[in-house]
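Undergrad: The structure follows.
The values are calculated or read from the model by the stated rules, or taken from the named source; none is laboratory data. The structure presented is a predicted model; accordingly, all values stated were derived computationally and were not measured. We place every Cβ from the backbone using ideal geometry, glycine too, and count neighbours over all the protein chains shown.
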Ligand SMILES: O=C(O)c1ccccc1N[C@@H]1O[C@H](COP(=O)(O)O)[C@@H](O)[C@H]1O
C-alpha cells in the first residue's frame, strides 16, 4: 500500500494484513503516513529486503507495525536477533520458489519465524507478478502455517479456490494461513483496485465456509 485514500478504501474491506514496502528500489516504496484510523484488527506489515535490525526497529516504531515480512536473504540468526529486539512483532520469512524448491532451507527458521511465505522467484526480490507451480508445495514438510504469494490476481481466483479445496492439495492447503496479493490487483504501483479485491475476497471466503 502507498496512498492514504487507497489505504483507507482497502482497509474498509478488512484484510487481515496490509503491507508497506520499505525497499528503496521498489516502485511501491512507502514513505508516507499510515492513516491512524484503520480498523485495529488489520496487522500492519513492513516488507523489508536485507534491511538492518536498526532500520526495521525504526520503521516498526514509527509506523506501529505488527508484523515484518523479510523478503531478502535474512538468516535464521538475523530472525532470532530481530525476535529478541522486537518480541511482540510477527516475523514472516519469505522463500522464493521457481521450478523446484529445497524444503531443507526452512529448517533453520522453524523456531525463529512465525510464518513462512512462498513467493515466485524473479528478477526483483518481490512484486514480480508471476505465480509458481503450487504443486511444489505438496512436499511441504513443516507444520508451520504459511502465506501463499506471487502473482495472484483476479485471474487466479479459481486456481486459488481449487488449491484451497481440491482433495489433491488437502494436506498442504490446510496450512495455508493467508493469500497474499499485490501487483496483480493494482491500477498503478502501490494503488490497489478495491472493487477487484472485494470480489476476490468474497469469492475466496464464500468457498471457504
Ligand atoms: O512489490 C514489491 O515491489 C516488492 C519489493 C520488494 C520486496 C517485496 C515486494 N513485494 C512482495 O512480493 C510478493 C509478491 O508480489 P506479487 O503478487 O508477485 O506482485 C508480495 O508479498 C509483495 O508484498
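Undergrad: Check off (1) surrounded by 14 or more Cβ atoms within 10 Å (Cβ to Cβ); (2) more than 15 Å from the ligand (Cβ to nearest atom) for residue 107 and give me the number that stays unchecked.
TA: That leaves (1) as the condition not met.
Undergrad: Is one or more of the residues making up the stretch 70-90 part of a strand (DSSP E or B), touching a strand residue (DSSP E or B) at 6+ places or on another chain (Cβ under 6 Å) and within 15 Å of the ligand (Cβ to nearest atom)?
TA: yes
Undergrad: Residue 99 passes all but one of (1) within 14 Å of the ligand (Cβ to nearest atom); (2) over 17 Å from residue 45 (Cα atoms); (3) not in a helix (DSSP H, G or I); which number fails?
TA: (1)
Undergrad: Specify the residue that is farthest from residue 177 (Cα to Cα); the eligible residues are those in the stretch 110-152 that are near the ligand (Cβ under 7 Å from one of its atoms), assigned to a strand (DSSP E or B) and within 11 Å of the chain's Cα centre (by Cα).
TA: Ranking the qualifying residues of the stretch 110-152, first place goes to 119.
Undergrad: Shifting gears a bit: If residue 8 satisfies all but one of (1) part of a strand (DSSP E or B); (2) out of contact with any helix residue (DSSP H, G or I) (no Cβ under 6 Å at 6 or more places or on another chain), what's the number of the condition it fails?
TA: Tallying (1) part of a strand (DSSP E or B); (2) out of contact with any helix residue (DSSP H, G or I) (no Cβ under 6 Å at 6 or more places or on another chain), residue 8 fails exactly one: (1).
Undergrad: Please specify each residue of the stretch 174-190 satisfying the condition of being within 16 Å of the chain's Cα centre (by Cα) and away from the ligand (no atom under 12 Å from the Cβ).
TA: Within the stretch 174-190, 175, 176, 177 meet the criteria.
Undergrad: Right, next: Sort out which residues of the stretch 18-49 are surrounded by fewer than 17 Cβ atoms within 10 Å (Cβ to Cβ) and near the ligand (Cβ under 10 Å from one of its atoms), and write them in order of number.
TA: 24, 25, 27, 29
Undergrad: Only residues that are closer than 22 Å to residue 193 by Cβ and assigned to a loop (DSSP other than H, G, I, E, B): list them for the stretch 153-166, please.
TA: Answer for the stretch 153-166, where residues must be closer than 22 Å to residue 193 by Cβ and assigned to a loop (DSSP other than H, G, I, E, B): just 153.
Undergrad: In addition: Note down all Cβ pairs under 7 Å where the first residue falls in the stretch 30-54 and is at positive phi, the second is surrounded by fewer than 19 Cβ atoms within 10 Å (Cβ to Cβ), and they're at least six residues apart or on different chains.
TA: 50/72; 50/73
Undergrad: Output the number of the condition that residue 58 fails; it satisfies all remaining conditions of (1) modelled with pLDDT under 95; (2) not in a loop (DSSP other than H, G, I, E, B).
TA: Going through (1) modelled with pLDDT under 95; (2) not in a loop (DSSP other than H, G, I, E, B) one by one, residue 58 breaks only (1).
Undergrad: How many residues does the stretch 160-178 contain that are touching a helix residue (DSSP H, G or I) at 6+ places or on another chain (Cβ under 8 Å), surrounded by fewer than 19 Cβ atoms within 10 Å (Cβ to Cβ) and under 27 Å from residue 20 (Cα atoms)?
TA: The qualifying residues number 2.
Undergrad: Just to be sure, is residue 60 surrounded by 14 or more Cβ atoms within 10 Å (Cβ to Cβ) and more than 19 Å from residue 181 (Cβ to Cβ)?
TA: Yes, satisfied.
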